[in-house]
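I am attaching a structure below and will ask some questions about it afterwards.
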Ligand code: ARG
């Protein structure tokens, strides 16, 4: 026997150690083991193995008797894991070897027939796809909950007026319902992207074996069907080296988290004393240990921050994948931790955002008061000059600019100017102009499709509810 320095055990691996004389170095075992994080794939792994086993039996590759033993043994392994009396051992590397090794302890030699016509490469791709597919379905459900919270809040606030901003400068008055529905649209696109990605994910890699397919007469359509995949994957090399499905999941999550983060940022601003547009409920804020007046929007801040983590997961997997030759490389084991972590962060931020939106108090008076600075109806004045006096818009823009300068000098808003003062700038202006200078008339006038008028918002809420499904 060769002398193995720095080995944690002199025993070669019982599942693949046929040609090895000594066991791995301790650090090899540590860097190689994925069981700490891939143990959450146990249900997908057992489900995949049972589908594979049934196919092996129906294709007469293994006997029905062995098949029954394997199926029952796998049920027992699953029960043990779920009951919490399963022993994990880093020497067994990953969840796939843990399940098979325990199966061997329970049913003996027949367990060794389960791995016929497959490899851990197609096995892990299948397990991970099943997991990501479930995560996508949960993500979709969570997003529909957030959309419901947004539409409910939008309906209650269809008439509430606040400044709309561009460059964070007061631009034109908008309704709060309209503002919230902007986020509804973003989450609708996210759900579309998700559905689209799920469709592409939904092909089964099982049976691609190590990389080249197998000489056994397997039926890949049967296993694909049993695992609710649309069809088997078409190319065995691609099957074991593809992680697009995880990348797409992470990119949808990253784009969506970016939307959540923008809303979170607005909530942080709105809930500050300076804005005071909304008050967050006690359930989603924390106090300060030193400043008694504080009510910190921690949940919103963490939504904003966790989006960074999700984007990080996408970046990390892109970088892992970009240099890999076909087919499987162990690098790909690094696909899981970041994906699991991102999915967890994602479900936290959607739940927190749904709670915050539903629970926040809208401070209508503060929103309205904040529209009284910044000459927010200047565009309405220019539009009036165009509509009533038939002025070309560029001239109207210029006249309005002079009136804004005048109001600024006088220290009042546009409706604080007298008719005489306005006529000194443009003699044809009549008293009727004052009818467009209020924020109420401004929002009410914006009835174009998709516009901010309260009646538009209510119609959009109605349409939005139908789109949630
Ligand atoms: N734990 C491995 C992973 O997650 C399973 C696949 C191992 N395949 C292999 N050829 N060593 O990627």
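The values are calculated or read from the model by the stated rules, or taken from the named source; none is laboratory data. These figures come from a predicted structure and were not determined experimentally. We place every Cβ from the backbone using ideal geometry, glycine too, and count neighbours over all the protein chains shown.
Within the stretch 73-122, how many residues turn out to be within 16 Å of the ligand (Cβ to nearest atom) and either part of a loop (DSSP other than H, G, I, E, B) or modelled with pLDDT of 95 or more (or both)?
Step one: filter the stretch 73-122 for residues within 16 Å of the ligand (Cβ to nearest atom), giving 88-101, 114-115, 117-122.
Keeping just the survivors that are either part of a loop (DSSP other than H, G, I, E, B) or modelled with pLDDT of 95 or more (or both) gives 88-89, 92-101, 114-115, 117-122.
The qualifying residues number 20.
Tell me, which helices (runs of 4 or more DSSP H) wholly within the stretch 20-72 include 3 or more residues that are closer than 18 Å to residue 112 by Cβ? Reasoning before the result, please.
On the way: elements: 26-32, 35-38, 42-58.
Because the criterion is at least 3 residues that are closer than 18 Å to residue 112 by Cβ, the helices (runs of 4 or more DSSP H) in the stretch 20-72 that meet it are 42-58.
Which members of the stretch 123-143 meet the condition of being away from the ligand (no atom under 16 Å from the Cβ) and more than 12 Å from the chain's Cα centre (by Cα)?
Initial filter on the stretch 123-143 (away from the ligand (no atom under 16 Å from the Cβ)): 133-143.
Result: 133, 134.
Could I ask something else about it? Given the criterion assigned to a loop (DSSP other than H, G, I, E, B) and more than 16 Å from the ligand (Cβ to nearest atom), identify the matching residue among 261, 307, 288.
Answer to the selection: 288.
Here's a follow-up. Tell me, yes or no, whether the stretch 320-336 has at least one residue that is surrounded by fewer than 17 Cβ atoms within 10 Å (Cβ to Cβ), more than 10 Å from the ligand (Cβ to nearest atom) and part of a helix (DSSP H, G or I).
no
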